[in-house]
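What follows is a single structure, written as C-alpha cells, with notes after it.
Values quoted throughout were computed directly from the atomic coordinates according to the rules given, and no laboratory measurement underlies them. Computed from a prediction, not measured in an experiment: that's the story for all the values here. So basically every Cβ, Gly included, is an ideal-geometry build from the backbone, and we count neighbours across all protein chains shown.
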Amino acid sequence: MNSPYLSVIIPAHNEEHRLPHTLETLFNYLDAQPYRSEVWVVENGSQDQTLALAQTLAQQYKRLYVLHEEQAGKGLAVQRGMLAARGEFRLMCDADLSMPPQEIEHFLPPRLNGVDIAIASREAPGAKRYNEPHLRHWIGRVFNLLIRLLLLPQFHDTQCGFKCFTAAAAERLFPLQTIKGWTFDVEILYLATRLGMRIAEVPIQWYFNPESKVQVGRDSLRMAMDLLYIRSHWRHVPR
C-alpha cells in the first residue's frame, strides 16, 4: 500500500474532553484535501478515559491509529508517533488544536519547499496570537530568550506545538531524542541544526487554550535545566 502524504501525530495525555472535537475538526479538513493522510493519537500515562475513547473513535475514522504508552511525557508520545507514522511529511499537532487545521497547507509543498523541518511560529512576521494572558506570553518570551542565548539564536518561537518533518528528517532525528518531557522539541531542533538540516519558521494564527497542560511554576526550572543538558550532551553530534 502506498504511504500517505501526510501523517498527523497527536500526543494525548488526559484529553478525553478535547479529543472528539479535535479529531472531528481535523478529519473534516483532511478529508477535503487531495492527498492521502493518516492520524496517530499517542495516549500516554492518562488517568482518564483518553485511551478507550481514542480506540472507539478509531472505529469511526478509518485512518486513525492509536498507540498507548504507560509513561507520561509529551516528548515520549511525539517520538513514538513520529517513528510509527508512514507519511512523507509528519506533523506534530497539539490536542487542543490551537492552530486551525487550515494552517497546515503552509507547512507543505507547494506553499513551502526545500526544507527538512517547518516549525509553527507565534512570533514570526505575520503571526497572530489570540486570547493569551500577558503574563503567560512574557514568561514564554523569557524562556525563548534563554533558548536563543544557549542553543538556537536564529529562532523566535521553538515551543509552539505544531512542527512538520519530512520522513527522512523524522527518521534521522527521533531515534536520537533523549528528552521525554516538554523540552524535547528544543533538543530535536538543536540536533537538526547541528546536522545541517534546513528549518523554516512559519507564521501562524494561534489561539490560547486555558486548559494548557504546561504548569509554569512546576515546569519552568526543569525546562531550564534541560537546556543546559542539551548543550552539554550534544556538543558532539553523531553523523
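Taking every full run of DSSP H in the chain, the ones that stretch at least 18 Å from end to end by Cα along their long axis and average -0.5 or higher on the Kyte-Doolittle scale are 134-150, 216-233.
For Cα pairs less than 8 Å apart in space and 6+ apart in sequence, what is the mean separation divided by the residue count of the chain, i.e. the relative contact order in percent? Don't jump to the answer; show the numbers that get you there.
Working: 401 pairs, mean separation 56.1, N = 239.
Taking the mean separation of contacting Cα pairs over the length of the chain, I get 23 percent.
Based on the Cβ-Cβ distance of Arg63 and His134, what FRET efficiency does E = 1/(1 + (r/R0)^6) give at R0 = 35 Å, to the nearest 0.05? If you can, show how the numbers build up before the last one.
On the way: r = 40 Å, r/R0 = 1.14.
Efficiency, rounded to the nearest 0.05: 0.30.
Placing a label point 7 Å from the Cα of His233 along the Cα-to-Cβ line, the residues of the range 165-207 whose backbone N sits under 13 Å from it are 174-191. If you look at the Cα atoms of the range 53-193, you get an Rg and a Dmax of 15.7, 47 Å. Counting neighbouring Cβ atoms within 10 Å and putting the fewest first, the residues Lys180, Lys163 line up as Lys180, Lys163. For the chain, rounded, prolate or oblate, judged on the Cα gyration tensor with a ≥ b ≥ c (square roots of eigenvalues), a/c < 1.5 rounded, else prolate if a/b > b/c? In terms of gyration-tensor shape, rounded. Taking each DSSP H run with n ≥ 4 as -39500 (n - 2.57) and averaging over every residue of the chain yields -11500 deg cm²/dmol at 222 nm.
Among Ser98, Leu19, Leu150, pick out the residue whose Cα is farthest towards the positive end of the charge dipole of the chain, where Lys and Arg carry +1 and Asp and Glu carry -1 on C-beta, about the Cα centre. About the Cα centre, the residue reaching furthest to the positive side is Leu150.
Report the gain in length on full extension from Glu105 to Asp31: 0.36 nm times residue separation, minus Cα-Cα distance, nm rounded to one decimal. Please report the intermediate quantities before stating the final value.
On the way: separation 74, 0.36 × 74 = 26.64 nm, distance 1.36 nm.
Using 0.36 nm per residue and subtracting the Cα-Cα distance, I get 25.3 nm.
Counted by neighbouring Cβ atoms within 10 Å, the residues Glu15, Glu123 run from fewest to most as Glu123, Glu15.
Between the beta carbons of Tyr207 and Leu176, assuming R0 = 35 Å, the FRET efficiency works out to 0.60 to the nearest 0.05.
Quick one: dipole size for the chain, taken about the Cα centre, charges +1 on Lys/Arg Cβ and -1 on Asp/Glu Cβ, in debye to the nearest 20. Please list the in-between numbers first.
Numbers: 26 positive and 25 negative charges, 161 e Å.
So the dipole magnitude of the chain works out to roughly 780 debye.
Among Ala72, Gln60, Leu176, whose Cα projects farthest towards the positive end of the dipole of the chain, with charges put on the beta-carbon of Lys, Arg (+1) and Asp, Glu (-1)? The residue sitting most towards the positive pole is Leu176.
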